[in-house]
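Reading through the structure tokens given below for one structure.
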């Protein structure tokens, strides 16, 4: 059992309880899926009292197969959570490295949200909920996922949250990176011709990645450190804040990890524990996401069912479910490093990149929602759907939610399981032990143990 010296659920001095406030942390919130998550949260949680929350409505496609037979089709349009008469306010924490980019993201979010509120009022006569805008807080907290230590490193970020906020309701471990360096154009055209555009654009085999890319301090594999170690540290360090999330809130505390449609057991080397930092991998991105998936399954087993280390502490027994979600493929700047350095040529390629995704969706691909706010729907669903529509962690700790894009844009959420998670269970334990060793070492270096 993993524990930390900071695991007490008592509020730190100077922090006041705020039991009617949803507090959400989104890493990588300044662009892409992170920005999409924030947009959807503002849209769903700003509805007036007695209004249903769309993303908390169960979808038949997103239910585990064993629960589908008992699902009442007549209830499909009946949301399970309503905005109450005393609706909660929201604190949205944009966790990213650059303050300037975070402030720009905040400006974009507020402008879009204000426009949406006006459109609701004009089209449906819906009044802006009293106190919503006054209570809304969108704040930046700096974090450098490439560095476990230091003031803006992962541990420093977590320590700041522990002393500034009374609780966390949802932790979106969304930020990630790939060491992409270019495209193999021959392989690109070959895969598109032989396998078709949708397959080639969702499971690409033509991207060059930098082998052996290292962290800025040279101590870790760069992709592993960002996509595996950093999310693991955050999850373990912030569990006490998640357990403190007030039971009176409409949503249970959860951690959501953004995975990839390329994540699979086959991406690992024959002896993955011998190179868990992915330094000798020709293609490290997909392998890192699968490692993350396996660790998420271990975390859900550890924290997803009620447990107690101190029976006198009401919050220690609260379960925190941990899920992985696949947002599919959208046109973001994630792969821009592979587009070259000439700006005008990059813009031309990005234009065709975007429209190729639109074409994939028109051709029937379920993995191309095109827009980030649509790709974010599986993450929102995983965070907000009630427990009764999920399997308990003791039965299945590897539930995974995925995007189902439809030809004309009506995006749905689907249910999957982490690829070969039972076969990878021991590997998941090994990867988690390796991450825990690094976390402990960095806590010692930072004077936290």
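The numbers here are math on the coordinates, done by the rules we state, and not lab data. Computed from a predicted model, the values in this text were never measured in an experiment. Virtual Cβ from ideal backbone geometry, glycine too; neighbours counted across all protein chains shown.
Descriptive notes on the structure:
- Over all projection directions, the Cα-based convex hull of region 52-180 averages an area of 12.5 nm².
- Computed from the C-beta positions of residue 422 and residue 195 and an R0 of 25 Å, the FRET efficiency is 0.30 to the nearest 0.05.
- Hydrodynamic radius (Kirkwood) for the chain, which is based on Cα pairs only, to one decimal in Å: 22.5 Å
- Computed extension gain for residue 119 through residue 208, at 0.36 nm per residue and net of the alpha carbon distance, reaches 27.6 nm.
- Estimated purely from DSSP H runs of n ≥ 4, each contributing -39500 (n - 2.57), the mean residue ellipticity at 222 nm for the chain is -11500 deg cm²/dmol once divided by its residues.
- Relative contact order of the chain, taken over Cα pairs closer than 8 Å and 6 or more residues apart, is 20 percent.
- Rounded to 5, the percent of DSSP beta bridges in region 21-445 classed as antiparallel: 30 percent
- Here each label is just a point 7 Å from Cα along the line to Cβ, and for residue 61 and residue 188 those points are 3.0 nm apart.
- Sorting 160, 318, 254 by the number of Cβ atoms found within 10 Å of their own Cβ, with the fewest placed first, yields 160, 318, 254.
- Cβ-Cβ FRET estimate between residue 15 and residue 216, R0 fixed at 35 Å, reported to 0.05: 0.60
- Put in order of Cβ neighbour count within 10 Å, fewest first, the listed residues 86, 18 become 86, 18.
- For region 219-307, the fraction of alpha-carbon pairs lying more than 24 Å apart is 28 percent, rounded to a whole number.
- Spin-label pair residue 50-residue 101: with each label point 7 Å from Cα along the Cα-Cβ axis, the two points sit 4.5 nm from one another.
- Nearest-0.05 FRET efficiency for residue 160 and residue 248, computed from C-beta distance (R0 35 Å): 0.85
- Counting neighbouring beta carbons within 10 Å and listing from fewest to most, the residues 404, 163, 186 come out as 186, 163, 404.
- Per-residue extension of 0.36 nm, minus the Cα-Cα distance of residue 354 and residue 71, leaves a gain of 98.2 nm for this segment.
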